[in-house]
Amino acid sequence: MHGSIHLALKQYVVEVYGASTWEQILAQSNATIKMYLATSSYPDGEITALITAASALANRPANDMIEDFGRYLMPKLIQNYRSLVRPEWRTLDFLENAEQSIHSVVRVQNPGARPPILRCVRHGASELQIIYSSARRLCALVRGMALGAAQHFAEVVMVDERQCMLHGAESCDFRMRVVA
Ligand code: HEM
């Protein structure tokens, strides 16, 4: 996973749980690198080890924590990549275009980064289907990022995951619906 995501995870832990918790995570996890650069990529086992230790220390299920991290991360990514976010976009437009307009650029600018391919189908003005598939199986991150995007655009979005890789499906099938 790209170093920028590790650094954002550190920032999240420090803000929500305090700097000493981050130190404890580094000390207690099976992570081997522990110093992350925004310009590098690291084996996926590294972020998995950090999240596993964070979840144990916070006494919180890992997927809850990943979702919460996604909510925290999304507005920050939008801010950092604001030149790629069109001013007229609302939540669903942003999510629908994240693959073509943003992840594709991330892949070119950061050759080590492998963001997932997000397949999107728009079902009218207020509903979007996202099919997510990745060996990392971070669907909790997708959910959290969608909710974080809604927060950024000051909308309320319901996220319904109709099938999930964590329950044996080939891909996760999300419906995102704007309700307010
Ligand atoms: C400003 C918008 C966005 C930026 C700049 C961005 C950037 C990134 C980057 C740098 C990574 C790390 C990839 C790697 O290290 O291999 C990543 C991963 C990921 N992104 Fe995005 N992303 C954006 C929007 C989204 C949206 C809207 C979603 C879905 C709702 C999403 C879902 C994910 C997921 C689930 C991963 C984890 C990797 C995986 O599942 O394989 N991203 N993204």
Exercise for the section: Using only Cα atoms, tell me the angle between helix 139-152 and the longest principal axis of the chain; keep it within 0 to 90° and round to the nearest 10. Expected result: 70
Completion exercise
So the angle from the long Cα axis of helix 19-28 to the longest Cα principal axis of the chain, reported in degrees to the nearest 10, equals 70
Handout entry: Expected 222 nm ellipticity per residue - DSSP helices of 4 or more, -39500 (n - 2.57), all of the chain, to 500
Key = -15000 deg cm²/dmol
Exercise for the section: Return the distance in nm (one decimal) between the two label points of a simple spin-label model at THR39 and ALA125, each offset 7 Å from Cα along Cα→Cβ. Expected result: 4.7
Handout entry: No Cys partner within the rule (Cβ under 4.7 Å), the chain
Key = CYS120, CYS164
Exercise for the section: Using R₀ = 41 Å, calculate the FRET efficiency as 1/(1 + (r/R₀)^6) where r is the Cβ-Cβ separation of SER171 and GLN151; round to 0.05. Expected result: 0.95
Practice task
Compute the FRET efficiency between CYS164 and GLU88 as 1/(1 + (r/R0)^6), taking r as their Cβ-Cβ distance and R0 = 22 Å, and round to the nearest 0.05.
Solution key: 0.10
Handout entry: region 35-98: proportion of alpha-carbon pairs further apart than 13 angstrom, %
Key = 73
Exercise for the section: May I ask for the angle, rounded to the nearest 10°, between helix 3-17 and the longest principal axis of the chain, with both axes built from Cα atoms and the value confined to 0 to 90°? Expected result: 80
Completion exercise
Note on region 67-178: contact order normalised by length, alpha-carbon pairs under 8 Å, 6 or more apart, percent, works out to 32
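Relative to the compact-globule scaling 2.2 N^0.38 Å, provide the ratio for the alpha-carbon radius of gyration of region 4-135. Don't skip to the answer; put the middle values down first.
Numbers: Rg = 16.2 Å, N = 132, 2.2 N^0.38 = 14.1 Å.
My calculation over the Cα atoms of region 4-135 gives 1.15.
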Handout entry: Contact order normalised by residue count of region 13-72, Cα under 8 Å, 6+ apart, percent
Key = 27
Completion exercise
Measure of exposure for ASP173: accessible area at 1.4 Å probe, Å² rounded to 10, is 30
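If Rh is defined by the Kirkwood formula over all Cα pairs and Rg also comes from Cα, what ratio Rg/Rh do you get for region 3-60?
0.93
The values are calculated or read from the model by the stated rules, or taken from the named source; none is laboratory data. Quick caveat: nothing in here was measured; it's all calculated off a predicted structure. For neighbour counting, all protein chains shown are included, and Cβ atoms are generated from backbone atoms with ideal geometry for every residue, glycine included. Just the protein is used for accessible areas: all its heavy atoms, side chains included, with ligands, DNA and RNA removed. Shrake-Rupley method; radii C 1.70, N 1.55, O 1.52, S 1.80 Å.
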